[in-house]
Structure formats: structure tokens, C-alpha cells
Amino acid sequence: MATGSIREVLPEDISEDVEHIIDDILKSKMEACARILVSVIRALEHEYGPGVLKVARDAILRREPRSPSQLGKPEEDLRTFCNNLEKGCVGSHRWKRVIDAPDQIGYRFHRCLWAEVFNELEAPDIGKWLCEADEPAVRSFNPKLGFSRTRTLMDKQGECDHVFYVKK
């Protein structure tokens with residue numbers, strides 16, 4: 001089952017046309033934010049050189065780990081993390097859960113508005129930082145969790161193949 005449609009989470013049914021209008025509004029807002037980020041990063045890069053890119057990327061990838069008291073059993077934290085991921089992606093992404101095992105959850109994302117926006121802005125290098133943040137995000141949620149991916153929409157590879165798992 002493909003998921004990510006805003007219609008799946010609304011309390012009342014809406015038409016596909018209304019969903020497209022909401023998608024367009026959401027994409028417009030995301031594009032405005034991305035355009036500002038790209039503009040600032042490019043201006044800093046121009047003024048201070050390419051080292052700024054590493055500083056900005058590192059800042060986006062930095063994640064504080066949860067305290068040990070917040071950690072649960074890895075299998076439970078895997079489910080919680082992926083449920084939160086799905087909630088956060090509704091409306092901006094489309095995906096199918098292709099693996100649903102106690103110690104592994106995998107997805108095929110076939111739409112990502114961030115990839116669309118950053119590619120349209122000709123800034124996939126900056127947009128890729130959002131993709132790269134997936135691994136540190138899951139690791140900071142529980143260090144016993146792992147992440148792998150071989151393809152991204154940001155790189156125009158047709159899909160993102162996310163696999164979140166409990167480390168052996």
C-alpha cells in the first residue's frame with residue numbers, strides 16, 4: 001500500500017483535486033524556505049569560500065543523542081522512529097513500506113518534495129544534506145539502530161530505498 005497522502009490522515013474525505021491544491025501550497029512553502037537557505041549558503045560560500053559548505057553541512061548533520069533514560073528496547077524504538085518518520089512525511093512524500101519485520105523496516109520513497117524543490121533550484125548538493133541527516137537522526141534516537149540507503153530521489157535515481165534496522 002502506498003502511503004503519504006494527506007487524505008489518509010484527515011478526519012474528513014477530500015477529493016484528489018483538493019489534495020493537489022494542498023500539495024501545491026505545501027511545495028510552495030517548502031520552496032520559499034529552500035530558496036532562502038540556498039541563497040544564504042551560496043552568499044556565504046561566495047564571501048568565505050567552499051569551507052562554509054562543510055560547516056553548514058556539519059551543522060545540519062549534528063544530532064544530540066537522547067539520554068539513556070529515554071532509550072527503549074531497540075525493536076520498540078525502531079517502530080517508534082519509523083512511525084514518527086511516517087507522520088512527518090505525510091503530505092510531502094509518497095512511499096511504500098516494503099519491509100516490516102521486528103528488527104527491520106524498509107521503504108521505497110517515490111516522491112519527495114524536498115528533492116523536487118532542491119533540484120528545481122539547481123541545488124541538490126545542499127538538498128542532499130537533508131538526505132544525509134537520516135543516518136545521524138536514527139543513530140541519535142537509539143545507537144543500537146542503523147540505516148542504509150543506496151538510491152535517492154535527490155540524485156534523480158528514481159526512488160529512495162530506506163532501510164532502518166536493529167544492529168546485530
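Got at least one residue in segment 73-89 being in a loop (DSSP other than H, G, I, E, B) and in contact (Cβ under 8 Å) with a residue 40 or more places away in the chain?
Filtering segment 73-89 down to residues in a loop (DSSP other than H, G, I, E, B) leaves 73.
With the extra rule that they be in contact (Cβ under 8 Å) with a residue 40 or more places away in the chain, the set shrinks to none.
Checked against the condition, which is being in a loop (DSSP other than H, G, I, E, B) and in contact (Cβ under 8 Å) with a residue 40 or more places away in the chain, segment 73-89 yields no hits at all.
Name the single residue, out of those in segment 131-146 being touching a residue at least 60 places away in the same chain (Cβ under 8 Å) and surrounded by 18 or more Cβ atoms within 10 Å (Cβ to Cβ), that is nearest to Ile60 (Cα to Cα). It would help to see each step written out before you state the result.
So the first thing to find is which residues in segment 131-146 are touching a residue at least 60 places away in the same chain (Cβ under 8 Å), and the list is 132-133, 136-137, 139-145.
Those left that are additionally surrounded by 18 or more Cβ atoms within 10 Å (Cβ to Cβ): 141-142, 145.
Working: Phe141: 16, Asn142: 19, Leu145: 20 Å.
For segment 131-146, the residue satisfying everything is Phe141.
Looking at the structure I just gave you, is Leu37 modelled with pLDDT of 95 or more, surrounded by 17 or more Cβ atoms within 10 Å (Cβ to Cβ) and of a type outside the set (S, T, N, Q)?
Values: modelled with pLDDT of 95 or more: yes; surrounded by 17 or more Cβ atoms within 10 Å (Cβ to Cβ): yes; of a type outside the set (S, T, N, Q): yes.
Against the criterion (modelled with pLDDT of 95 or more, surrounded by 17 or more Cβ atoms within 10 Å (Cβ to Cβ) and of a type outside the set (S, T, N, Q)), Leu37 qualifies.
Is there a residue being surrounded by 13 or more Cβ atoms within 10 Å (Cβ to Cβ), within 23 Å of the chain's Cα centre (by Cα) and small (Gly, Ala, Ser) anywhere in segment 78-89?
No, segment 78-89 contains no residue that is surrounded by 13 or more Cβ atoms within 10 Å (Cβ to Cβ), within 23 Å of the chain's Cα centre (by Cα) and small (Gly, Ala, Ser).
Restricted to segment 1-15, and to residues that are part of a helix (DSSP H, G or I) and surrounded by 15 or more Cβ atoms within 10 Å (Cβ to Cβ), which residue is farthest from the chain's Cα centre (by Cα)? Full working, then the answer.
From segment 1-15, those part of a helix (DSSP H, G or I) are 6-8; that's our starting set.
Now drop any that are not surrounded by 15 or more Cβ atoms within 10 Å (Cβ to Cβ), which leaves 6-7.
Numbers: Ile6: 16, Arg7: 20 Å.
Ranking the qualifying residues of segment 1-15, first place goes to Arg7.
What residue, of Arg97, Arg149, is more than 20 Å from Arg66 (Cα to Cα), touching a strand residue (DSSP E or B) at 6+ places or on another chain (Cβ under 7 Å), touching a residue at least 24 places away in the same chain (Cβ under 8 Å) and charged (D, E, K, R)? So that I can check it myself, show each step before the final result.
Numbers: Arg149 fails: touching a residue at least 24 places away in the same chain (Cβ under 8 Å).
Result: Arg97 is the single residue among Arg97, Arg149 that is more than 20 Å from Arg66 (Cα to Cα), touching a strand residue (DSSP E or B) at 6+ places or on another chain (Cβ under 7 Å), touching a residue at least 24 places away in the same chain (Cβ under 8 Å) and charged (D, E, K, R).
Within segment 16-28, is even one residue of a type in the set (D, E, K, R), modelled with pLDDT of 95 or more and surrounded by 12 or more Cβ atoms within 10 Å (Cβ to Cβ)?
Yes, that holds for at least one residue.
Tell me which residues, restricted to segment 98-110, are touching a Leu at 6+ places or on another chain (Cβ under 9 Å) and more than 14 Å from Asp161 (Cβ to Cβ).
Of the residues in segment 98-110, the ones touching a Leu at 6+ places or on another chain (Cβ under 9 Å) are 102-105, 107, 109-110.
Once the filter is applied, which keeps residues that are touching a Leu at 6+ places or on another chain (Cβ under 9 Å) and more than 14 Å from Asp161 (Cβ to Cβ), segment 98-110 yields Pro102, Asp103.
I'd like the full set of residues that are closer than 27 Å to Asp77 by Cα and either free of Cβ contacts under 8 Å to residues at least 60 places away in the same chain or in a loop (DSSP other than H, G, I, E, B) (or both), limited to segment 118-130.
Lys128
The values are calculated or read from the model by the stated rules, or taken from the named source; none is laboratory data. Predicted, not measured: the structure shown is a model, and the values here were computed from it. Note: ideal-geometry Cβ built from the backbone for every residue, glycine included; neighbour counts use all protein chains shown.
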